[in-house]
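Chemist: Sharing a structure here in structure tokens format.
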Amino acid sequence: MLNLNAISARQDSKPVAKAFYLMSSYFNHSCLPNLGCDFDGGAIRLTLAEDVPADSQLFISYVDNPEMSQSQIKEFLWLHYGFHCQCPLCTAIPSS
Ligand SMILES: [Zn+2]
């Protein structure tokens, strides 16, 4: 359970540790997240990546490797989190 809710803490865009942050564990994944995660020492900072209408759901990305292809992301999410992403990007790309 902790591993599913842990987030990769990054330094200079590279994952350096897995950490559990209570608030970030509430967010679902999207391949087009509207929240960005930054790290300052041991603290996490979540910032809006775009203007978001009130009452919109906020998403983070569970993927910490920006070089993964969309098909690799889909496989990663299935293997590590057990779900098929239904974000707008994933639903626009036919399954292979
Ligand atoms: Zn997706």
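Chemist: So which GluC sites (Glu not before Pro) in the chain pass both tests, a DSSP loop state and at most 13 other Cβ atoms within 10 Å of the Cβ?
Modeler: Qualifying residues, ordered by number: Glu50, Glu67.
Chemist: To the nearest 20 debye, what is the magnitude of the charge dipole of segment 2-92 about its Cα centre, counting +1 on the Cβ of each Lys and Arg and -1 on the Cβ of each Asp and Glu?
Modeler: With Lys and Arg at +1 and Asp and Glu at -1, about 260 debye.
Chemist: Mean residue ellipticity at 222 nm from the helices of the chain, using -39,500 (n - 2.57) per DSSP H segment of n ≥ 4 over the full residue count, to the nearest 500 deg cm²/dmol?
Modeler: That calculation yields -5500 deg cm²/dmol at 222 nm.
Chemist: Then there's this: Can you tell me what share of the DSSP beta bridges in the chain is antiparallel? A percent to the nearest 5 is fine.
Modeler: So the antiparallel bridges amount to about 85 percent of the total.
Chemist: Only Cα pairs within less than 10 Å get springs; with that Gaussian network setup on the chain, which residue of Ala43, Ala54, Ala19 has the largest fluctuation?
Modeler: Fluctuation is largest for Ala54.
Since every read-out is calculated from the coordinates, none of them should be taken as a lab result. Small disclaimer: the values here were computed from a predicted structure and weren't measured. Note that each Cβ is placed from the backbone with ideal geometry, even for glycine, and that neighbours are counted across all protein chains shown.
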